[in-house]
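Visitor: A single structure is presented below for examination.
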Amino acid sequence: MSIRRRNNNGTNSSTAFGQTVMDSEYRIILNVGGVRHETYKHTLKKIPATRLSRLTTNLANYDPVLNEYFFDRHPGVFAQILNYYRTGKLHYPLDVCGPLFEEELKYWGLDSNECEPCCWMTLSGTRDTQDVLKTLDELDIEVDQTEGPELYKRFGWEDDYHNDSLSSWQKLKPRIWRLFDEPSSSRSAQFIASISVFFLITAIIVFCLKTHPGFRIHEFISDKNYTSKRSINIHPSLHPEQRHIEKLASKPNPYFQKIEAICNVWFTIEILARFFSCPSRLEYLKVCRPPVNIIDIIATLTFYIDVISAYIGTAADLEFFSIIRIMRLFKLTHHNAGLKILMHTFRASAKELMLLVFFLVLGVVVFASLVYYAERVESNEDNQFQSIPIGLWWAIVTMTTIGYGDITPHTYLGRLIGSICALAGVLTIALPVPVIVSNFAMFYSHTQARSKMPKKRRGVLSMDQVAQHVKNAPIRNSNGPHQRKNHEQTPLVNNHTNHNHSPPHTLI
């Protein structure tokens with residue numbers, strides 16, 4: 001019995017030892033950022049066409065002494081990636097930034113869209129933040145403080161700057177451009193911006209005041225053929241010829257025209273200075289951005305058109321087009337970052353605003369039809385809803401909670417419909433407002449945070465730049481220093497060959 005038991009124990013121990021050896025052959029050690037992870041090889045094969053599924057001992061990441069693969073990557077993100085291979089579920093780590101997580105997934109050959117639904121809101125929030133930062137860069141809210149080669153690079157004169165061959169115009173053009181286009185770049189630019197805002201506000205005030213009847217000059221004509229009936233039987237020498245005075249039209253006070261002319265002369269100087277000193281005239285006239293420059297040019301042209309038409313005698317026919325000058329108010333967005341953010345908030349909330357307009361139009365049509373027929377059900381001598389189009393005016397005034405009171409229902413059913421219409425209007429308008437406020441708060445908070453960031457940061461070399469620096473660096477040996485030779489890098493794909501010598505290592 002003792003011999004048989006000894007034989008059984010020997011068999012079991014040898015079997016366990018063989019299983020341990022076989023198990024160690026299928027295990028793999030991954031050292032990521034100094035943190036060692038151990039798993040099975042077949043676990044890494046669960047997701048094909050990825051970096052971990054192509055690991056072989058021929059790679060330069062493999063250390064034969066320690067029998068492990070080393071990757072200089074983020075160890076915290078890799079823990080979630082390795083768990084994705086084990087469980088098939090990818091979760092977003094809360095202790096890392098979104099762009100870092102997506103960059104790590106891209107390095108390992110994975111798609112960030114494979115995140116679980118529980119983490120999708122967090123990932124989409126980080127993407128929205130990236131979109132906001134990109135939008136703020138396009139809005140050009142911050143003042144560009146670049147000097148030297150970066151400034152002249154925008155004008156395409158970087159080589160001339162390094163060669164010290166800049167002409168007088170090349171040195172003067174960037175200064176003029178920053179003087180008129182960047183109000184916060186210097187004290188002189190702030191002074192120019194103050195003058196521009198002064199003339200802008202003055203032009204708007206004059207545009208409004210010249211339409212007031214008290215500031216207009218009335219034109220009269222006299223009719224010599226008209227005589228009073230009481231002067232028919234009286235001698236003409238005792239009563240002079242009576243003239244009929246008739247008021248035909250009015251015109252603005254000439255002083256307003258002189259003030260407006262001075263303002264438009266300044267606007268013309270400003271447009272010409274910015275146009276001829278801008279880095280790119282195409283960008284200056286670009287319509288995809290807020291077309292403030294286009295509005296400024298058209299508004300200034302309408303003034304000169306009015307002057308020419310007044311000289312010709314057709315000013316009354318073209319007076320309506322002077323309404324374009326009121327659009328100059330959008331030029332204030334060039335001097336105030338908050339107005340830029342507000343305008344972009346409405347643009348970013350276009351879907352919510354369209355949804356608001358859709359429900360508002362739907363409610364207006366429905367309640368206008370209901371109140372029209374409700375006022376006709378009962379006998380109503382004071383029925384003011386003679387048609388559905390009249391009911392449309394009443395419905396839109398009621399749903400927007402304005403309530404002029406010029407049209408009101410008088411029947412009980414009509415008043416009930418009017419009450420429901422007012423409640424529906426409040427709910428319809430109130431629903432999209434929090435979204436618009438949230439977008440504005442998000443843009444404004446990011447703008448304030450960016451304004452407190454340091455303007456200059458220390459640059460970090462990329463891996464390609466480091467490799468280029470190491471490749472070009474001189475090395476020393478017994479024969480003296482010499483330059484490194486350019487070695488071709490082998491592709492990332494593993495090429496299995498049947499040669500006796502080992503293939504070259506590849507870094508992944």
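Visitor: What are the pairs, 6+ residues apart or on separate chains, where a residue within the stretch 182-201 that is at negative phi and in the same structural domain as residue 296 (by TED's automatic domain parsing) has its Cβ under 7 Å from a residue that is among the β-branched types (Val, Ile, Thr) and outside any helix (DSSP H, G or I)?
Guide: Correct list of pairs: 182/143; 184/143; 185/143.
Visitor: Among the helices (runs of 4 or more DSSP H) lying completely within the stretch 412-508, list those that include at least 3 residues that are at pLDDT below 65. Lay out the reasoning, then the answer.
Guide: Details: elements: 412-430, 433-451, 463-472.
Correct list: empty, since no element meets the threshold.
Visitor: Exactly one of (1) modelled with pLDDT of 90 or more; (2) out of contact with any Leu (no Cβ under 7 Å at 6 or more places or on another chain) is unmet by residue 334. Its number?
Guide: That leaves (1) as the condition not met.
Visitor: State which residue is farthest from residue 408 (Cα to Cα) when the search covers only the stretch 377-391 and only residues that are out of contact with any Asp or Glu (no Cβ under 6 Å at 6 or more places or on another chain) and surrounded by 14 or more Cβ atoms within 10 Å (Cβ to Cβ). It would help to see each step written out before you state the result.
Guide: Filtering the stretch 377-391 down to residues out of contact with any Asp or Glu (no Cβ under 6 Å at 6 or more places or on another chain) leaves 377-382, 384, 386-391.
The next check asks that each one be surrounded by 14 or more Cβ atoms within 10 Å (Cβ to Cβ); those that pass are 380, 384, 388, 390-391.
Working: 380: 12, 384: 7, 388: 14, 390: 11, 391: 10 Å.
Of everything passing the filter in the stretch 377-391, 388 is farthest from residue 408 (Cα to Cα).
Visitor: Write out, first by first residue and then by second, each pair whose Cβ atoms fall under 6 Å of each other, whose residues are 6+ apart or on separate chains, and whose first residue, in the stretch 293-304, is touching a residue at least 60 places away in the same chain (Cβ under 8 Å) while the second is part of a helix (DSSP H, G or I) and surrounded by fewer than 15 Cβ atoms within 10 Å (Cβ to Cβ).
Guide: Going by the 6 Å Cβ cut-off, there are no qualifying pairs.
Visitor: Here's a follow-up. Do the conditions hold for residue 375, that is, is it assigned to a helix (DSSP H, G or I), among the acidic types (Asp, Glu), in contact (Cβ under 8 Å) with a residue 60 or more places away in the chain and over 30 Å from residue 306 (Cβ atoms)? It would help to see each step written out before you state the result.
Guide: Numbers: assigned to a helix (DSSP H, G or I): yes; among the acidic types (Asp, Glu): yes; in contact (Cβ under 8 Å) with a residue 60 or more places away in the chain: no; over 30 Å from residue 306 (Cβ atoms): yes.
No, not satisfied.
Visitor: Hey, which of the helices (runs of 4 or more DSSP H) in the stretch 77-181, taking only ones fully inside, have at least 1 residues that are in the same structural domain as residue 37 (by TED's automatic domain parsing) and at pLDDT 85 or above? Before you say what the answer is, go through the steps one by one.
Guide: Working: elements: 98-107, 117-139, 149-154, 158-162, 168-181.
Qualifying helices (runs of 4 or more DSSP H): 98-107, 117-139.
Condition check ((1) loosely packed, with under 12 Cβ neighbours inside 10 Å; (2) outside the structural domain of residue 330 (by TED's automatic domain parsing); (3) modelled with pLDDT under 80) across all residues:
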residue: 245; (1), (2), (3): yes, yes, yes
residue: 265; (1), (2), (3): no, no, no
residue: 274; (1), (2), (3): no, no, no
residue: 286; (1), (2), (3): no, no, yes
residue: 289; (1), (2), (3): no, no, yes
residue: 297; (1), (2), (3): no, no, no
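Visitor: A further question follows. So the check is Cβ under 8 Å with 6+ separation or different chains; which pairs have a first residue in the stretch 320-342 that's over 20 Å from residue 203 (Cα atoms) and touching a residue at least 12 places away in the same chain (Cβ under 8 Å) and a second one that's surrounded by 13 or more Cβ atoms within 10 Å (Cβ to Cβ) and hydrophobic (A, V, I, L, M, F, W, C)?
Guide: So the pair list comes out as 337/141; 340/139; 340/141; 341/139; 341/141; 341/440; 341/443; 342/440.
Visitor: Output the residues belonging to the stretch 92-130 that are of a type in the set (Ser, Thr, Tyr) and surrounded by 15 or more Cβ atoms within 10 Å (Cβ to Cβ). Steps first, answer last, please.
Guide: As a first pass, look at the stretch 92-130 and keep what is of a type in the set (Ser, Thr, Tyr): 92, 107, 112, 122, 124, 126, 129.
92, 107, 112, 122, 126, 129, listed by residue number.
Visitor: Give the residues of the stretch 36-49 that are within 42 Å of the chain's Cα centre (by Cα) and crowded, with 16+ Cβ neighbours inside 10 Å, sorted by residue number.
Guide: Answer for the stretch 36-49, where residues must be within 42 Å of the chain's Cα centre (by Cα) and crowded, with 16+ Cβ neighbours inside 10 Å: 44, 47.
Visitor: Could you go through the stretch 393-407 and let me know if any residue there is part of a helix (DSSP H, G or I) and within 33 Å of the chain's Cα centre (by Cα). Walk me through it before giving the result.
Guide: Keep residues of the stretch 393-407 that are part of a helix (DSSP H, G or I), which gives 393-399.
Adding the requirement that they be within 33 Å of the chain's Cα centre (by Cα) leaves 396, 399.
The answer is yes; a qualifying residue exists.
Visitor: Under 7 Å by Cβ, and 6 or more places apart or on different chains, what pairs join a residue from the stretch 165-177 that is free of Cβ contacts under 8 Å to residues at least 24 places away in the same chain with one that is part of a helix (DSSP H, G or I) and surrounded by 10 or more Cβ atoms within 10 Å (Cβ to Cβ)?
Guide: Note: pairs meeting the criteria are 166/160; 170/160.
The values are calculated or read from the model by the stated rules, or taken from the named source; none is laboratory data. These numbers were taken from a predicted model, which means no experiment stands behind them. Virtual Cβ from ideal backbone geometry, glycine too; neighbours counted across all protein chains shown.
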